[in-house]
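Since the structure comes first, as structure tokens, the remarks are kept for the end.
The values are calculated or read from the model by the stated rules, or taken from the named source; none is laboratory data. Bear in mind the structure is a predicted one, so any value in this text is a computation, not a measurement. So basically every Cβ, Gly included, is an ideal-geometry build from the backbone, and we count neighbours across all protein chains shown. SASA here: full protein model, heavy atoms, side chains in, ligands and nucleic acids out. Shrake-Rupley method; radii C 1.70, N 1.55, O 1.52, S 1.80 Å.
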Amino acid sequence: MIYSKFLSVGAYAPENIVTNEDLSKIMDTSDEWISTRTGIKERRISKNEDCSDLAYKAGKNALEKSGLKAEDIDLIIVATVSPDMFFPSVSCIVQDKLGAENATCFDLNAACSGFVYGCIVASSMIKTGEYKNALVIGSEVLSKLLDWEDRSTAVLFGDGAGAAIITKSETEGIIAGATSSNGSKGGSLSCGALDVKSPFTEEDNIKHKKLIMNGREVFKFATGAMVDNINKLLEKTNISLDEVKYIVPHQANVRIIDYVARKINEPIEKFYMNLDRYGNTSSATIPLVLNEMDEKGLLQKGDKIILVGFGAGLTSGALILNW
Ligand code: ACO
């Protein structure tokens, strides 16, 4: 039996901190509104680094902690919705910067669920026996997709990257994943790609090119999907929540996490959060949290942890693992 496990984690966030107070100087908002509705106090906003710069730095950090060499990596998956360009992929750019010449590279778009999806894909590929050491990165420069004149979305997001090395193992690390998607609700959180007019249609074929969101619809989907995926995982693995030490949720909004904690009857302390300092960095939130927990020594070998996310698409996914 081939298993897969997390070997190391890493992270990188731009130095530039933008507080709620800073935002209130450029738009009609306040620290009070943002803090009470979301839990966010500040976020990092990139000044001159793009998605691949953040991804490379987070990936390098995870690689250094793993004890592996760049040439040992045979798979790089970058989960992102804010790549530098359509192609080459961010993962290929990272491969070149790291010198990971033996890696197969591709990007994956499942928005904020992207890191969880990436870990599930990497783990499945390792379990085929064809791959040994995967670098999975969630990296976003969402600040370039935001409509800075829309206070209802601009205050929620930030830039950052997190990474993990997932490796072939003789003992069970990653136990199971659960995923689901609902494309019919895609319009509740979307961002157009290019501002071009198609020669084949009368109208503009792209209606918008900045992030737009129906917050209430996303809230409803997020809470339902997170609870469903956690329950699916428990059912399929016969593991009870008492055995789970931490739940690492996608860091969108403290009220979503509070709601989920109440719904599954678990103390909020079991849900680690750092969204007060980073905001919602989409695919990067979960590995940013894992890295912080690891650096604080909170994760012990054998601890059972659930990662759970939701995002545009709409998508949702969860993963249960032994650390
Ligand atoms: N500052 C001050 N006032 C604001 C701001 C702001 N930044 N943004 C909106 N408002 C105002 C609105 O204009 C509105 O005013 P009005 O009543 O005079 O019209 C009022 O605040 C309420 O606005 P709502 O949009 O109804 O606010 P709501 O209570 O729904 O909270 C929020 C918005 C926090 C986004 C909420 O809908 C939510 O938690 N949604 C979940 C989705 C989410 O977190 N998405 C982000 C992540 S998506 C992802 O990760 C996949």
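Values as computed for the structure displayed
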read-out: Candidates Ser91, Ser113, filtered to the one that is touching an Asp or Glu at 6+ places or on another chain (Cβ under 7 Å), of a type in the set (S, T, N, Q) and open to solvent by less than 10 Å² (accessible area, probe 1.4 Å); value: Ser91
read-out: Residue list for the range 279-314, filter: more than 22 Å from Asn238 (Cα to Cα), more than 12 Å from the chain's Cα centre (by Cα) and outside any loop (DSSP other than H, G, I, E, B); value: Asn291, Glu292, Met293, Asp294, Glu295
read-out: Given (1) open to solvent by less than 70 Å² (accessible area, probe 1.4 Å); (2) closer than 19 Å to Cys105 by Cβ, number of the condition Lys57 does not satisfy; value: (1)
read-out: Residues of the range 132-157 that turn out to be more than 16 Å from the ligand (Cβ to nearest atom) and within 21 Å of Asn61 (Cα to Cα), as a count; value: 6
read-out: Residue among Ser184, Ser190, Ser139 that is within 18 Å of the chain's Cα centre (by Cα), modelled with pLDDT under 95 and among the hydroxyl-bearing types (Ser, Thr, Tyr); value: Ser190
read-out: Listing of strands (runs of 3 or more DSSP E) fully contained in the range 1-92 that carry 3 or more residues being more than 16 Å from the ligand (Cβ to nearest atom) and not β-branched (Val, Ile, Thr); value: 3-12
read-out: Residues satisfying the stated conditions in the range 158-186, i.e. open to solvent by less than 10 Å² (accessible area, probe 1.4 Å) and within 12 Å of the ligand (Cβ to nearest atom); value: Gly158
read-out: Pair list, Cβ < 9 Å and 6+ apart or interchain, from the range 247-275 residues that are touching a residue at least 60 places away in the same chain (Cβ under 8 Å) and assigned to a helix (DSSP H, G or I) to residues that are open to solvent by 30 Å² or more (accessible area, probe 1.4 Å) and among the acidic types (Asp, Glu); value: Val254/Asp276
